[in-house]
There are 6 protein chains.
Amino acid sequence: MKVKVAREAHFNAAHRLFNAAWSDEKNKQVFGKCNNPNYHGHNYKLIVEVKGEINPDTGYVIDLGDLASLIKTEIEDRFDHKNLNLDTKEFKNLNPTAENIVVVIYRILREKIDNKFELNIKLYETERNLAEYGGE
Amino acid sequence: MKVKVAREAHFNAAHRLFNAAWSDEKNKQVFGKCNNPNYHGHNYKLIVEVKGEINPDTGYVIDLGDLASLIKTEIEDRFDHKNLNLDTKEFKNLNPTAENIVVVIYRILREKIDNKFELNIKLYETERNLAEYGGE
Amino acid sequence: MKVKVAREAHFNAAHRLFNAAWSDEKNKQVFGKCNNPNYHGHNYKLIVEVKGEINPDTGYVIDLGDLASLIKTEIEDRFDHKNLNLDTKEFKNLNPTAENIVVVIYRILREKIDNKFELNIKLYETERNLAEYGGE
Amino acid sequence: MKVKVAREAHFNAAHRLFNAAWSDEKNKQVFGKCNNPNYHGHNYKLIVEVKGEINPDTGYVIDLGDLASLIKTEIEDRFDHKNLNLDTKEFKNLNPTAENIVVVIYRILREKIDNKFELNIKLYETERNLAEYGGE
Amino acid sequence: MKVKVAREAHFNAAHRLFNAAWSDEKNKQVFGKCNNPNYHGHNYKLIVEVKGEINPDTGYVIDLGDLASLIKTEIEDRFDHKNLNLDTKEFKNLNPTAENIVVVIYRILREKIDNKFELNIKLYETERNLAEYGGE
Amino acid sequence: MKVKVAREAHFNAAHRLFNAAWSDEKNKQVFGKCNNPNYHGHNYKLIVEVKGEINPDTGYVIDLGDLASLIKTEIEDRFDHKNLNLDTKEFKNLNPTAENIVVVIYRILREKIDNKFELNIKLYETERNLAEYGGE
């Protein structure tokens, strides 16, 4: 009897899209206004989904308070109110698209969450743009 | 050609998290403020997903008005404005975590919905906390 | 140059509507399912609005981090995961309708927020039901 | 490493539910108020999900700006501010239920999106009613 | 001690914008795609705000269940799943813009709600477009 | 007969809070993580409210399509995907708090909107933080 639980969190960050191997012209052509050298930013909405058996003693798959604390320590403290390109080691050499951010978050949390649980991450860059990764 | 349709509903209920086999101390330690003996409560948001073939005569997988009526009769009338621990037979001896509630709702509706349809249930306890069960 | 700022917060609580001066029949007739003696509950969404001059040094009307802390200490710690009728002195003898709750919250915060600021409180009991009080 | 990205769009349209092979009585009985011969309407919310490998040069699965343009050209320009029954060839002879609309949108976009990508379409007819199709 | 309470409701309707005193060319030029002779439609979200004294016996300004019933009888039954131009007497000779609709709803409800209460009506035509009228 | 209409828009920008007259220590103490010298960012949600008489010929207070175009030209093109501190003349010497941004937006739009209309601006910096200015 496998149940999925999910917890929502948020972080606000600056970034720019940029490929260091390309000329400024090509960067501007491909990434448009997202390439602004002075950065822009987003309120990222993060949803962490964990799937597993219900523990018969607690009725929990996982304590969502513990999961919220883990997200706080591992993700919010790392990325909230940061410049993803300048302030984080994860995106020093990796373009901080929503796709790359969601994979990075998956990998950080995957190491901290017991492998008996399936993990899936959703990241809204805006209300209308989403990236999602489940380790596939 | 399988299409999924979904219908959202709501119920407002009181509950407390509690394991009768444990001491008060252990209950408090594990469930924290959710263990308050005087109960607290939530606006539960329920999403019932039904997947199946489109009926070529109606263009419906299932009449969502009928599905809404079923949710009203089987779930809202049972749980809305109730104390889950005291007023419902389902949670007399089952801890009303979001995980256990979503499984109970799945089982109630599974008996009432034709087996040619797949069924999946999502239950938001708060805007940020979700449990989901699909019979797996 | 007066600007209004607002901060949203949440608390989850159990309550029942009840007038001790009335018979059980009259209570049931007037309050319907909200009169359930075993309580039901809600996720309350609270919006605290503060209006005043912008401080030219900070660019703030009021530090929203400070306001969030005040809401946490004065409102969330008092009402979150509580039974409003049983666990709080404010509603021992006051019917915890959304209207009465919003007035109580206004009065608690009004004492803690400098009178140079106008204060207005919105309280959503459900997504579709709101009460609002501004001291009028 | 497969990531899903999604883009939200909207269109506002009139429609009525109707089966030309049936009598007026049967149409009214089955489709109720949705059968109104003078039409009613909805704000449709559309979510287009595309799943594939991250392009290592761009960090994109697919450029969401390009996807937004495709949705604009192929779906919004076709259905927005239209009467689905009268103004569109797709629903001249097909009942415009949410289920049929989501399949039509899937087929239109499937022809325009590279087959290396998986495609899934969600369509909200109202906040509480959804249809979803992924080509199954 | 005046408190405002509010109740949200919904209706889905078809309409077109049109001034009978104008040529087709002028109608098309002014109203653009909203002038489509075959109609388009919306999910209208309605918020009815009532302001008054709290009744000390009930703790209510007004019973929101009664207000919901009034909105159902007077507004939803009249406009839901209707063509505003063809099916309603209110918009036979009045252009059904959001502005005109909100004034019509105000006047219908104003006659049914005790004058000791202030009344204010908000009407969302889409998530991003609102009209509001308070009798001014 | 005065009706208020409103239009929602969005822009995504980077910023930092900073007072040039203060030491780095004081800036950090007052603005905390919002003072990050490398910037962070937000998805700003903007609501422009215009109040006036309904034009009897059009049924509009103001054409919301025209208002949307004005917001696009005057606000989105100016601030979207920009670094407010570095890329805009408005915040070269003005701390880009939500309060200051909402006043700047009010003044820009007030010059472009006929004085027969009242104007009020709401700006959400996050889902939970709002600033609002109406020229008072």
Restricting attention to the stretch F:103-136, the residues that are within 10 Å of chain C (Cβ to nearest Cβ), surrounded by fewer than 14 Cβ atoms within 10 Å (Cβ to Cβ) and under 14 Å from the mean Cα position of the chain (by Cα) number exactly 1
From B:N43, B:N38, B:N55, which residue is within 12 Å of chain C (Cβ to nearest Cβ) and surrounded by fewer than 19 Cβ atoms within 10 Å (Cβ to Cβ)?
B:N38
Being crowded, with 20+ Cβ neighbours inside 10 Å and over 21 Å from A:I62 (Cβ atoms) narrows B:K89, B:K82 down to just B:K82
Of F:S69, F:S23, which residue is more than 15 Å from the chain's Cα centre (by Cα), open to solvent by 10 Å² or more (accessible area, probe 1.4 Å), free of Cβ contacts under 8 Å to residues at least 40 places away in the same chain and under 26 Å from E:A98 (Cβ atoms)?
F:S69
Going by the structure shown, is E:K33 more than 14 Å from chain D (Cβ to nearest Cβ) and open to solvent by 20 Å² or more (accessible area, probe 1.4 Å)?
no
Cross-chain or 6+ apart pairs with Cβ under 7 Å, the stretch B:72-84 first and farther than 11 Å from B:F11 by Cα, then among the hydrophobic types (A, V, I, L, M, F, W, C) and in a helix (DSSP H, G or I)
B:E74/B:I108; B:E74/B:L109
Members of the stretch A:77-100 that are more than 9 Å from every other protein chain (Cβ to nearest Cβ) and under 21 Å from A:N35 (Cβ atoms)
A:F79, A:L84, A:T88, A:E90, A:F91, A:K92, A:N93
Test result for E:I62, more than 24 Å from the chain's Cα centre (by Cα) and either touching a residue at least 24 places away in the same chain (Cβ under 8 Å) or within 14 Å of chain D (Cβ to nearest Cβ) (or both):
no
Within the stretch B:113-129, is even one residue under 20 Å from B:N38 (Cβ atoms), among the hydroxyl-bearing types (S, T, Y) and in a strand (DSSP E or B)?
yes
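The values are calculated or read from the model by the stated rules, or taken from the named source; none is laboratory data. Nothing here was measured: the structure is a model prediction, and the numbers come from that model. Every residue, glycine among them, receives a Cβ derived from its backbone with ideal geometry; neighbour counts consider all protein chains shown. These accessible areas exclude ligands, DNA and RNA; they are computed on the full protein's heavy atoms, side chains included. Shrake-Rupley method; radii C 1.70, N 1.55, O 1.52, S 1.80 Å.
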